[in-house]
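The values are calculated or read from the model by the stated rules, or taken from the named source; none is laboratory data. Predicted, not measured: the structure shown is a model, and the values here were computed from it. Backbone-built Cβ (ideal geometry, glycine too); neighbour counts: all protein chains shown. Each accessible area value is taken on the protein alone, full model and side chains, heavy atoms only, with ligands, DNA and RNA left out. Shrake-Rupley method; radii C 1.70, N 1.55, O 1.52, S 1.80 Å.
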Amino acid sequence: MAVVTPWEVSGEINYQRLVREFGTKEIGPALLEKISSFSKNKLHPMLRRNFFFSHRDLDLVLNDYQSGKGFFLYTGRGPSGKMHIGHLIPFIFTKWLQEQFDVNLYIQITDDEKFLVKRQANWNDVEAYSKDNILDILAIGFDPEKTFVFRDSEYIRHMYPLVLDTAKRTTFSTAKAVFGFKNETNIGWIFYPSVQVVPTFFEKKRCLIPCAIDQDNYWRIQRDIAEPMGFKKASAIHSKFLPPLTGPQGKMSASDADTAVWLTDDEKTVKKKINKYAFSGGQATVEEHRDKGGNPDVDVSFQWLKILFEDDDKKLQKIENDYRSGKLLTGELKSILIEKINSFLSVHAKKREKAEKKTEKFMYSGKLAEKMWAK
Ligand code: TYM
């Protein structure tokens with residue numbers, strides 16, 4: 001049985017079933033057409049290829065944009081360790097949204113959450129990971145005047161009245177039903193969801209949250225209480241999960257080093273990991289593969305190219321055709337991926353180095369940051 005919560009994702013995920021169970025909607029052609037009609041560039045590959053596949057009230061966000069009411073973006077990261085490439089996905093997509101719609105963006109760094117949820121976490125580690133993760137996030141390249149990055153432990157004073165109001169309106173039985181809390185769950189963790197809900201109230205406009213579907217539980221709580229509190233119900237746009245190297249099921253996880261590629265992995269490590277662990281849809285022998293062809297639908301290297309590393313539809317299609325027909329071997333497919341990941345990581349490393357100097361602006365002195373601290 002598949003499990004999808006903010007803290008655990010495992011098993012074979014049936015995304016259509018999740019949409020039904022969570023009560024979200026699939027992103028269909030009409031909505032894609034509408035996004036396309038407003039955006040400056042061609043639709044992002046993650047939309048074209050149905051990786052961002054589900055939503056809540058995205059149509060209302062677009063209506064608000066069209067009528068001039070506008071909207072804002074909100075996303076976040078829990079600094080539980082170094083970041084892997086899966087963690088970057090919502091940020092890459094959010095950057096595209098900010099570029100298309102030219103809107104404010106709030107990025108929450110939930111140091112409190114990770115301290116509370118991870119049994120072994122100590123505060124010094126969480127602080128160090130927060131600083132480290134912020135560099136990876138800023139390397140993506142958001143608009144410094146329209147983006148505010150904040151750590152909960154630092155910014156909490158400004159959020160606290162709304163956090164309290166949120167907590168007061170959320171009963172333990174609701175929190176238990178939505179998150180599966182148990183008697184053994186520490187009380188800080190039980191309180192925490194009210195902190196993740198509050199950035200949706202940073203502006204009176206509608207809030208659009210890009211994230212993987214594991215974060216949706218929070219927005220269900222938000223949508224129950226937002227209107228009585230005088231705010232709009234949050235909208236969300238959900239992605240699927242980048243699969244772990246070891247197979248097409250579950251999500252790439254930070255807890256198993258072999259299933260993930262870290263943003264700091266060097267070229268040799270990437271090559272070794274992909275060659276050794278990337279689950280293959282190919283046949284057992286070269287002869288058999290040439291004869292029967294491979295299966296790109298389960299091949300993790302192909303899936304990674306499709307989700308993140310090959311933007312060009314024509315090139316991707318050729319790789320898919322050649323793999324299916326047996327012309328392209330698993331080793332060759334892996335080589336294409338290895339090269340793509342390594343060039344992505346080398347560019348990322350350079351941007352990350354430059355991000356160090358930009359932290360101040362995004363967190364404290366940019367136009368939006370200053371406004372938020374002055375509140
Ligand atoms: P965290 O740090 O677990 O994950 C950060 C973001 O990455 C998404 N994600 C993935 N996306 C694709 N493939 C994967 N394998 C994968 N693994 C993780 C997550 O959905 C998330 O969007 N509590 C949050 C931090 C947070 C937040 C938010 C996230 C605070 N406010 C608002 C989204 C929106 C957390 O621990 O995320």
- Query: Once the other residues with Cβ under 9 Å from the Cβ of Asp313 are scored (Lys, Arg +1; Asp, Glu -1), what is the net sum?
  - Reply: +1
- Query: What does the accessible area of Phe22 come to, in Å² to the nearest 10, when a probe of 1.4 Å is used?
  - Reply: 30 Å²
- Query: Once a ≥ b ≥ c are taken as the square roots of the eigenvalues of the Cα gyration tensor of the range 164-255, is the result rounded (a/c under 1.5), prolate (a/b larger than b/c) or oblate (a/b not larger than b/c)?
  - Reply: oblate
- Message: Between Lys351, Lys314, Lys25, where does the largest GNM mean-square fluctuation fall for the chain, given springs only between Cα atoms within less than 10 Å?
- Response: Lys314
- Item | For the chain, alpha-carbon Rg over 2.2 N^0.38 Å | 1.00
- Could you state the accessible area per residue of the range 84-180 in Å², with a 1.4 Å probe and every protein chain left in place? 41 Å²
- Segment Thr174-Lys82, length gained on full extension (0.36 nm per residue, minus Cα span): 29.9 nm
- Query: What nm value, rounded to one decimal, do you get for the distance between Asn124 and Asp256 when each label is placed 7 Å out toward the C-beta?
  - Reply: 3.1 nm
- Determine, from the Cβ-Cβ distance of Thr185 and Ser36 and an R0 of 45 Å, the FRET efficiency 1/(1 + (r/R0)^6), rounded to the nearest 0.05. 0.55
- Calculate, for the range 242-352, the solvent-accessible area per residue in square angstrom, rolling a 1.4 angstrom probe over the heavy atoms of the protein chains. 51 Å²
- At a 1.4 Å probe, what is the % contribution of carbon and sulfur to the accessible area of the chain? 51 percent
- Query: Angle between the Cα long axis of helix 152-168 and the longest principal axis of the chain, 0 to 90 degrees, nearest 10?
  - Reply: 70 degrees
- Only helical DSSP H runs with n ≥ 4 go in: add -39500 (n - 2.57) per run for the chain, normalise by residue count and round the 222 nm mean residue ellipticity to 500 deg cm²/dmol. -15000 deg cm²/dmol
- Query: Where the eigenvalues come from the Cα gyration tensor of the range 33-188, what are the semi-axes √(5λ) of the equivalent ellipsoid, largest first, in whole Å?
  - Reply: 30, 20, 16
- Return one quarter of the surface area of the convex hull spanned by the alpha-carbon atoms of the range 289-375, equal to its mean projected area, in nm². 8.0 nm²
- Peptide ranges 97-106, 62-71, 214-223 listed from the most packed, as the mean C-beta count within 10 angstrom indicates: 214-223, 97-106, 62-71
- In a Gaussian network model over the chain where Cα atoms closer than 10 Å are linked, find which of Phe241, Phe201, Phe181 has the largest mean-square fluctuation. Phe181
- Query: Where is the GNM fluctuation largest for the chain (alpha-carbon springs, 10 angstrom cutoff): Ser239, Ser173, Ser194?
  - Reply: Ser173
